[in-house]
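Remarks on the structure that follows.
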Amino acid sequence: MPVAAADRTPKTHPQVEGERRHRFARSGPRFVSIAWWAVDDPPPADATELRIRFALARGDAMRLDRIDVRETGSQVFVTVLAWWEPSPGDPRGGTTDDHDATVTLERPLGDRALVHAPHDHPSA
């Protein structure tokens, strides 16, 4: 039985207190993951600090929010997160500037794999 167009509209669920309908903004700032690379490639196995480089759009279009590091016995996951507000005339973010950061590891990198979180900024 086909679903009527009106039935395709998301509805709130009365059992979830305070639930509201959300509309995704087509404009405004977005939270995005940014591509990065190791400054020392490959980083030394005895490194307890990892130097990384990433690019942010110039001006007020993009600002760094944080760099997350999660470590396991076999991997080190690094995620660079930024707020990005694309301009209507330049949806890819325009010119970028490189930025360096140093993240501290709980123990030396050793033979653990360095994992880049997926990036979703379109200039990457």
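Provide the gained length on full extension for the span Ala113 to Ser74, in nm with one decimal, where the gain is 0.36 nm per separating residue minus the Cα-Cα distance. Could you put the intermediate results ahead of the total?
Working: separation 39, 0.36 × 39 = 14.04 nm, distance 0.63 nm.
The span from Ala113 to Ser74 would gain 13.4 nm if fully extended.
Please report the net charge: other residues with Cβ closer than 11 Å to the Cβ of Met62, K and R +1, D and E -1.
Values: positive: Arg30, Arg58, Arg63; negative: Asp60, Asp65, Glu85, Asp97.
The answer is -1.
So what's the Cα pair-distance distribution over segment 28-116, bin width 10 Å, in %?
In whole percents, the pair-distance histogram is 16, 46, 24, 13, 1.
How would you order 78-86, 32-40, 110-118 from highest to lowest mean count of nearby Cβ atoms within 10 Å?
Values: 78-86: 18.9, 32-40: 16.8, 110-118: 12.4.
Put in order of decreasing packing, that is 78-86, 32-40, 110-118.
Every read-out reported here was derived from the displayed coordinates using simple, explicitly stated rules and does not represent laboratory data. All of these numbers come straight from a predicted model, not from anything done at the bench. Every residue, glycine as well, gets a Cβ built from its backbone with ideal geometry; the counts of neighbours run over all protein chains shown.
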